[in-house]
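The values are calculated or read from the model by the stated rules, or taken from the named source; none is laboratory data. Predicted model only: the values in this text are computed from it and were never measured. Reconstructed Cβ throughout: ideal geometry from the backbone, glycine too, with neighbour counts over all protein chains shown. Protein only, heavy atoms only, side chains kept; ligands, DNA and RNA dropped before computing areas. Shrake-Rupley method; radii C 1.70, N 1.55, O 1.52, S 1.80 Å.
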Amino acid sequence: MADGKKKADICDYIDWRGDLTFACAPLNEVDALIFCQLSYLNFSGIVPHSLDTLCTLSELSARYFASGDFAARSDLGMLIDPKSNELLQKAAGSERFKHVAVTGFVSEYNQEKEEQFSAVTFVLPAASAASAKQVFVAFRGTDDTIVGWKEDFNLAFMERVPAQVDALSYLENAAVHFSDAALFAGGHSKGGNLALYASAHLNESARQRLLQVYNFDGPGFLQESLDSAAFCSIKPKICSVFPQFSVVGMLFQHYEPCSVVLSDELLLMQHNPFSWFVRGTHFETKSAFDAGSALFFRSFNAWFGSIKPEQREQFVETLFGLLDATDALTNTELSRDITKNTGKILKAFASLDKEIRDEAVKLAGDFIKTVIAEAIKGE
């Protein structure tokens, strides 16, 4: 927590600088986070799926808030800040954002493939008739669905997950369609991972038009991926931002340097971008992660590196198999009757094959031992 400082967030940023067009002040990291946060909203039936058809952010907002299903549409679940709806309204009412064109909204949810994927494209107004068009592709992070979280965990043992494959295809299509445009890509949480993966695997000509890739507290990659020629090719273009107590962003490995932003939330709740401190066109930062976040990074990655891929897979399948016993499809449903669902999980755990149950307990115990060892080592 940021020592009692008064927080200014991304909504305040629009109040401060919303009168400055992108022609007056170029896109910055706070703008990028705003586009990424807007990607969490349900634009189905409002934003065109085809990249050939565009609407302005102002038009989008009017349709969104006037939609007959607004109550359901604006309910983002327990993990996504409802302030995202206010962010859309503020952005759409500002000179800076209201003329931004929006297109290409896709949203995929597939339990069988264990995939949750969504993306949307923002086209910035040209500074002049002679200036190059700028396009920002925003990938949605993990939403309220349990399948979305399962796909995140699948990163622990799969070479690529379905959302990464779709992210590359989406970014390639955007690059072809806007063939004369400078490209930006970004995302928060899993969206940041998708943006990095897609950008790294773009064809060379499209990659040359890629100006920046934004990763906002997204999980990383295995070290061998970061060492590959594909990822090294985009390394200078990556802007990574994590809250001071990051957990999601501490999964797996990242390139350095990165920015550590101040937050006024506690622990895991710092994952919420509305808790991040903004000053001017940048985030308020500190020199290092909180001790607890640094400990989690060391412990998780030491533990992760010590277990075999098949053990990782079995552990993930066991964990989400227990959640399946509740019949909940979302985290909101899971938490709605936590006592009853906890009982279902414990019953399902007791009924597991003894060998699988013992292995899960051992892996969890090994992680705790690793945390203790790393804590002692760090003293």
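Tallying residues that are within 25 Å of F300 (Cα to Cα) and either in a loop (DSSP other than H, G, I, E, B) or over 17 Å from the mean Cα position of the chain (by Cα) (or both) within the range 268-290 yields 7.
This table checks each residue for (1) in contact with a Gly (Cβ under 7 Å, 6 or more places away or on another chain); (2) within 15 Å of D81 (Cβ to Cβ); (3) among the polar types (S, T, N, Q).
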{"site": "D217", "(1), (2), (3)": "yes, yes, no"}
{"site": "G220", "(1), (2), (3)": "no, no, no"}
{"site": "E224", "(1), (2), (3)": "no, no, no"}
{"site": "A230", "(1), (2), (3)": "no, no, no"}
{"site": "V241", "(1), (2), (3)": "no, no, no"}
{"site": "Q244", "(1), (2), (3)": "no, no, yes"}
{"site": "Y255", "(1), (2), (3)": "no, no, no"}
{"site": "S263", "(1), (2), (3)": "no, yes, yes"}
{"site": "L267", "(1), (2), (3)": "no, no, no"}
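Return only the number of the condition from (1) over 23 Å from D264 (Cα atoms); (2) open to solvent by 60 Å² or more (accessible area, probe 1.4 Å); (3) at pLDDT below 95; (4) of a type in the set (G, A, S) that S67 does not satisfy. Looking at each condition in turn, S67 falls short on (2).
The set of residues in the range 197-211 that are open to solvent by 50 Å² or more (accessible area, probe 1.4 Å) and under 26 Å from V248 (Cα atoms) comprises H201, L211.
Please state which one of F22, F35 is more than 16 Å from K83 (Cα to Cα), among the aromatic types (F, W, Y), modelled with pLDDT of 90 or more and open to solvent by less than 50 Å² (accessible area, probe 1.4 Å).
On the way: F35 fails: more than 16 Å from K83 (Cα to Cα).
Exactly one of F22, F35 is more than 16 Å from K83 (Cα to Cα), among the aromatic types (F, W, Y), modelled with pLDDT of 90 or more and open to solvent by less than 50 Å² (accessible area, probe 1.4 Å), namely F22.
If the condition is being in contact (Cβ under 8 Å) with a residue 12 or more places away in the chain, out of contact with any Asp or Glu (no Cβ under 9 Å at 6 or more places or on another chain) and either in a helix (DSSP H, G or I) or open to solvent by 10 Å² or more (accessible area, probe 1.4 Å) (or both), then the range 179-191 contributes D180, A182, F184, G191. If only residues of the range 317-351 that are over 16 Å from T145 (Cα atoms) and in a loop (DSSP other than H, G, I, E, B) are counted, the one that is modelled with the highest pLDDT is S351.
What about L194, is it under 19 Å from the mean Cα position of the chain (by Cα), crowded, with 20+ Cβ neighbours inside 10 Å and farther than 19 Å from V261 by Cβ?
Numbers: under 19 Å from the mean Cα position of the chain (by Cα): yes; crowded, with 20+ Cβ neighbours inside 10 Å: yes; farther than 19 Å from V261 by Cβ: yes.
Taking the combined requirement at face value, the residue satisfies it.
Looking across the range 102-113, the residues that are surrounded by fewer than 19 Cβ atoms within 10 Å (Cβ to Cβ) and either of a type in the set (D, E) or under 15 Å from C36 (Cα atoms) (or both) come down to V106, S107, E108, E112.
So, M78, is that one in contact (Cβ under 8 Å) with a residue 40 or more places away in the chain, open to solvent by 30 Å² or more (accessible area, probe 1.4 Å), assigned to a loop (DSSP other than H, G, I, E, B) and of a type in the set (A, V, I, L, M, F, W, C) or not?
Working: in contact (Cβ under 8 Å) with a residue 40 or more places away in the chain: yes; open to solvent by 30 Å² or more (accessible area, probe 1.4 Å): yes; assigned to a loop (DSSP other than H, G, I, E, B): yes; of a type in the set (A, V, I, L, M, F, W, C): yes.
In short, yes.
Being surrounded by 17 or more Cβ atoms within 10 Å (Cβ to Cβ), at pLDDT below 90 and within 22 Å of the chain's Cα centre (by Cα) is not true of L88.
Looking at this structure, is F242 among the aromatic types (F, W, Y) and crowded, with 21+ Cβ neighbours inside 10 Å? Even if it seems obvious, please write down each step before you answer.
Values: among the aromatic types (F, W, Y): yes; crowded, with 21+ Cβ neighbours inside 10 Å: yes.
Against the criterion (among the aromatic types (F, W, Y) and crowded, with 21+ Cβ neighbours inside 10 Å), F242 qualifies.
So, of the residues in the range 252-284 that are touching a Leu at 6+ places or on another chain (Cβ under 7 Å) and not aromatic (F, W, Y), which turns out to be surrounded by the most Cβ atoms within 10 Å (Cβ to Cβ)? The selected residue is P273.
Do you know which of the residues in the range 114-135 that are in a strand (DSSP E or B) and more than 15 Å from the chain's Cα centre (by Cα) is surrounded by the most Cβ atoms within 10 Å (Cβ to Cβ)?
Going residue by residue through the range 114-135, those that are in a strand (DSSP E or B) are 115-124, 134-135.
With more than 15 Å from the chain's Cα centre (by Cα) added as a condition, the list becomes 121-124, 134-135.
On the way: T121: 28, F122: 24, V123: 21, L124: 24, Q134: 21, V135: 24.
Step by step, filter the range 114-135, then rank; the result is T121.
Candidates are the residues of the range 146-178 that are of a type in the set (S, T, N, Q) and open to solvent by less than 20 Å² (accessible area, probe 1.4 Å); the one that is farthest from Q37 (Cα to Cα) is N154.
Quick one: in the range 306-358, which of the residues that are among the hydrophobic types (A, V, I, L, M, F, W, C) and under 26 Å from D75 (Cα atoms) is surrounded by the fewest Cβ atoms within 10 Å (Cβ to Cβ)? It comes out as I338.
Residue pairs whose Cβ atoms lie under 7 Å apart, separated by 6 or more positions or on different chains, with the first residue in the range 322-349 and touching a residue at least 40 places away in the same chain (Cβ under 8 Å) and the second open to solvent by less than 70 Å² (accessible area, probe 1.4 Å) and in a loop (DSSP other than H, G, I, E, B), are T330/G77; T330/D144; N331/G77; N331/D144; T332/G77; T332/D144; L334/T326; L334/A328. Could you check the range 359-368 and list, in sequence order, the residues that are over 28 Å from the mean Cα position of the chain (by Cα) and at pLDDT 85 or above? Listed by number, the residues that qualify are E359, V361, K362, G365.
Yes/no per residue for (1) under 24 Å from the mean Cα position of the chain (by Cα); (2) farther than 21 Å from K133 by Cβ:
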position	(1), (2)
D12	yes, yes
T21	no, no
C24	no, no
C36	yes, no
N42	yes, yes
L51	yes, no
A62	no, yes
S74	yes, yes
